[in-house]
Amino acid sequence: MLASPVAAQESAPVEQASAQQNLDCAIWASYQTGTLPEKEQKDAFAIALAWFIGLYEGETGTKIDDAMVERTAELDRATLLSFTPSCLERFGAFGERLMATSERIIALEK
C-alpha cells in the first residue's frame with residue numbers, strides 16, 4: 001500500500017455513512033480478516049466485510065471489486081488502521097440491532 005494523506009473517518013450512523021466510508025470499512029474488514037490469528041475473529045470480520053460490501057454496492061449500484069483495489073493502493077497501514085474506531089462502532093451498532101431484533105422474534109414464540 002502506498003502512503004497517502006487521508007483524513008481519519010468520522011463515525012457515522014449507517015444511514016448517514018457515505019459510500020467512501022463503506023468502501024474504507026470494507027477494506028479495513030478485509031485487512032483484519034487476513035491478519036487475525038483466530039478463526040472466530042476471522043469469521044466475525046468476514047461478516048463485517050460482507051456487510052460493508054453490501055452497503056457500498058447497495059448505495060452505488062456497482063460492484064466493489066475495482067474500487068477496493070484502487071483505494072487500497074492509496075492507503076498506508078496507519079491510515080487503514082485509523083478506520084478502526086469508526087468501523088468497529090458502526091458494525092457493533094449493527095450487531096446490537098440484530099440481537100435486539102432476534103430477541104423480539106424469540107419473544108413472539110412465547
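Readers should treat all values here as calculations from the given coordinates under stated rules, not as data from a laboratory. Note that the coordinates shown come from a computational prediction; the quantities given were computed from them, not determined experimentally. With ideal geometry, Cβ positions are generated from the backbone for all residues, glycine too; neighbour counts draw on all protein chains shown.
Among the residues of segment 14-46, count how many are buried (at least 18 other Cβ atoms within 10 Å of the Cβ) and farther than 14 Å from Thr84 by Cα.
Result for segment 14-46: 1.
Only one of these is under 15 Å from Ala17 (Cβ atoms) and within 10 Å of the chain's Cα centre (by Cα): Phe45, Phe94, Phe52. Name it.
Answer to the selection: Phe52.
Kindly indicate whether any position in segment 35-44 is under 22 Å from Thr79 (Cβ atoms), among the small types (Gly, Ala, Ser) and part of a helix (DSSP H, G or I).
no
Tally time: how many residues in segment 47-101 are without any contact (Cβ under 8 Å) to a residue 12 or more places away in the chain, surrounded by 14 or more Cβ atoms within 10 Å (Cβ to Cβ) and not in a helix (DSSP H, G or I)?
Final tally of qualifying residues: 0.
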